[in-house]
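Report on the structure given below.
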Amino acid sequence: MSETVDAPEPAVRLRLDLAYDGTRFAGWAVQPGLRTVQGILEAALGTVLRTDGPPRVTVAGRTDSGVHARGQVAHVDIPAGFLEASRGRSSRPVDEVLLTRLGGILPADLVVRAVARAPEGFDARFSALRRRYTYRICDDAARRDPLSRTHVVWHRRALDVEAMASAARPLVGRHDFASYCKPRPGATTIRTLEAFGWSRPVDGPDAGLVVATVQADAFCHSMVRSLVGASLAVGEGRRGAGWPAELLAARRRGDGVHVVAAHGLTLEEVGYPADADLAARAVLTRARRAAEDLQEAAGCCG
């Protein structure tokens, strides 16, 4: 007589919209003995849901130590029974209950802004179309604000924003950004840079600052901060406007690439397609990344 094997309990995928001040975090990813966004969030979810262990969270884009986020997105798969039990005696939707309880135990520098049942096919990482970052710099002593010191970088030399914007334009497009990425074994450095520009806003919260807007389908390790570092060399007049493009063409990381301070960088937004296209986008992204990794390993990305 054969034994009856219980079917695994179905899981519910939740989308989490997050914001955090990266100052006191050692980046997103869990690291033993360090305070990380993922570690704090997963522990809080485990406490609220009373799961056997912290549930694993998948994020749209890992941020480095000190980098901030206003528009981070993640997903987590929770067994339906745990999710329903977390409601307790409340008559409110379980998503609302979870959001309230997370808000009650998370630290002030990590906020879950929204919790929702994810549409079918949603993957926070692979369904994403793009990520948009900003980098903020103050180069005017009269505008230096100690209250913004954790997210605006102070730069002692005045910057030529027009030269920086001119230098950034040739980098837009699909390229191998090996010159601007810290190498990781087996990882591709091919990316589609959709936007890279510099401006000095005249009004709003960033008035008078030097602000970079950088948007791509995805970024490799330290790519944004390396792009900013190359731009600063142009803005200070130490390099010509064509130098960042020359670095790109070299496809080799050299000593001239400077990775700027992390605290000026903020993940502002992660963009996704319509719900009906989420699953197809995830399949396409996985396939493209696998193909690019194979090309890079074979040395045929010329």
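The values are calculated or read from the model by the stated rules, or taken from the named source; none is laboratory data. All figures in this text were calculated on a predicted structure; none of them were measured in a lab. No Cβ is skipped: glycine too gets one built from the backbone with ideal geometry, and neighbour counts run over all protein chains shown.
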Checklist entry - If only one of 255, 275 is within 28 Å of residue 113 (Cα to Cα) and either surrounded by fewer than 19 Cβ atoms within 10 Å (Cβ to Cβ) or at pLDDT below 95 (or both), which one is it? => result 275
Next on the checklist: Restricting to the range 215-249, and then to whatever is in contact with an Asp or Glu (Cβ under 9 Å, 6 or more places away or on another chain) and not in a loop (DSSP other than H, G, I, E, B), can you tell me which residue is farthest from residue 164 (Cα to Cα)?
Outcome noted: 216
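Residues are listed down the side, and each one gets a yes or a no for (1) farther than 23 Å from residue 219 by Cβ; (2) not in a loop (DSSP other than H, G, I, E, B):
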position: 97; (1), (2): yes, yes
position: 103; (1), (2): yes, yes
position: 108; (1), (2): yes, no
position: 121; (1), (2): yes, no
position: 125; (1), (2): no, no
position: 133; (1), (2): no, yes
position: 136; (1), (2): no, yes
Next on the checklist: When you check residue 64 against the structure, is it assigned to a helix (DSSP H, G or I), surrounded by 14 or more Cβ atoms within 10 Å (Cβ to Cβ), in contact (Cβ under 8 Å) with a residue 12 or more places away in the chain and not aliphatic (A, V, I, L, M), yes or no?
Outcome noted: no
Next on the checklist: Name the single residue that is farthest from residue 264 (Cα to Cα) among those in the range 71-94 being within 25 Å of the chain's Cα centre (by Cα) and surrounded by 17 or more Cβ atoms within 10 Å (Cβ to Cβ).
Outcome noted: 78
Next on the checklist: Looking at the range 193-200, can you tell me whether even one residue there is part of a loop (DSSP other than H, G, I, E, B), closer than 20 Å to residue 138 by Cα, at pLDDT 95 or above and over 20 Å from the mean Cα position of the chain (by Cα)?
Outcome noted: yes
Next on the checklist: Considering only the range 53-61, I want to know if a residue exists there that is within 17 Å of residue 99 (Cβ to Cβ) and assigned to a strand (DSSP E or B).
Outcome noted: yes
